[in-house]
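**Student:** Mind having a look at this structure? Questions to follow.
The values are calculated or read from the model by the stated rules, or taken from the named source; none is laboratory data. Just so we're clear, the structure is a prediction, and the values are computed from it rather than from any experiment. FYI the Cβ positions are ideal-geometry reconstructions off the backbone, even for glycines, and counts take in every protein chain you see. Side chains included, ligands, DNA and RNA excluded: accessible areas come from the protein's heavy atoms. Shrake-Rupley method; radii C 1.70, N 1.55, O 1.52, S 1.80 Å.
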Amino acid sequence: MHRAGGINMNLNNIISERLRDSKLEPSLRERYNIALKKEFSDDLPNCGLFIDDTFYGDDAIDYEKGIRLFRGKKWTEVDFDYLYEEYVQFLMLNDDGFIYYLPSFLLYFYDLKHFALEYYLYFMDKLELGLNESKATYNAGRRRQDYSGFNKLSHEQSKLVAIFLVNTANLLPDGYMEKTQAQRALTNYWGNFLIF
C-alpha cells in the first residue's frame, strides 16, 4: 500500500508539472507573433511606403487619417485599434508599404475578433487579388492579375500568410465574403506554401 501511494504521489506530481508547464506555453496567437518577428524585419525601409498625396478636400482628410496609422512606425508598433476611433477609408499604402506592414495586418486580424472592421475587407482584397493589385489589367472584360509582387516575400513569409488564410477560411463564420476570399486566395496562390 505504501508503494501504491508513492506511485500516486509521482503521478500527481507529474500531472501538476504538466499543468504548470502548459500554462507557461505561449498561445497560438503568441506563437504566430514569434514566427512573424522571426521572418519579417522590423527595420523601416528607406523607400516611400504611402501612395502619393494627390488628394484634396475630404479625401485629403481621409489620406491624412490613413497614413497617421503607420507614419514613422515599425510594423511591430502599429496599433489598429485606432480604426475603432477613426474611420479610415483606404489602405493608403503603396506596394512596398503593404508588404512592410503585412505582418502587422496578419497579427492583428489573426484571431478574427476584428473581422467586422472595413479595413479587414481591404486587407483581404489585397491577399486575394495580388500584392500589387494596382497593376491589374483588363483584357476582353476579364481581369488579369499581376502576381509578381508575391516574389517580394520569402517562402517562410508566404507560408505565414497561408496559415493566416487557412485560419480565416476555417474559423470565420459562414456567410462572410472574406471566408470565400480566403479559400480562393489559398486555391489560387497561397496554398502552395503549405505543402512544403
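**Student:** Which residue, 122, 106, 9, has the largest displacement toward the positive end of the dipole of the chain when charges sit on each Cβ (Lys, Arg +1; Asp, Glu -1)?
**Tutor:** Value computed over the given set: 9.
**Student:** How far, in nm, would the chain grow between residue 11 and residue 68 when pulled straight, counting 0.36 nm per residue and subtracting the alpha carbon separation? Mind showing how you got there, number by number?
**Tutor:** Values: separation 57, 0.36 × 57 = 20.52 nm, distance 5.58 nm.
Stretched out fully, the residue 11 to residue 68 stretch lengthens by 14.9 nm.
**Student:** Report the longest stretch of the chain that contains none of the trypsin sites (Lys or Arg not before Pro) sitting in a DSSP loop with at most 14 other Cβ atoms within 10 Å. Can you show the working numbers first?
**Tutor:** Details: sites that count: 71, 74, 113.
Maximal segment without exposed cleavage sites: 114-196.
**Student:** Can you grab the distance from the C-alpha centre of segment 159-173 to the C-alpha centre of segment 82-119, Å, no decimals?
**Tutor:** Each part reduced to its Cα centre gives a spacing of 16 Å.
**Student:** How much accessible area does residue 19 have with a 1.4 Å probe, in Å² rounded to the nearest 10?
**Tutor:** 100
**Student:** Relative contact order for the chain: what is it in percent, counting Cα pairs under 8 Å that are at least 6 residues apart? Write down the numbers at each step before the final one.
**Tutor:** Numbers: 176 pairs, mean separation 33.0, N = 196.
It comes to 17 percent, rounded to a whole number.
**Student:** Now a separate question. For 180, 168, 187, give the ranking by accessible area with the largest first, probe 1.4 Å. Let's see the in-between values first.
**Tutor:** Working: 180 60, 168 0, 187 115 Å².
The residues order as 187, 180, 168, largest area first.
**Student:** Pull up all non-local amide H partners of residue 50: gap of 5 or more, or a different chain, and H-to-H distance under 5 Å with H placed in the peptide plane.
**Tutor:** Distant-sequence amide H within range of residue 50: 94.
**Student:** Round to a whole number: what % of the accessible area of segment 1-128 belongs to carbon and sulfur, probe 1.4 Å? Please report the intermediate quantities before stating the final value.
**Tutor:** Working: 4180 of 7930 Å².
That share works out to 53 percent.
**Student:** Excluding same-chain residues fewer than 8 positions from residue 65, which lysines have a Cα within less than 22 Å of its Cα?
**Tutor:** Reachable lysines: 73, 74, 126.
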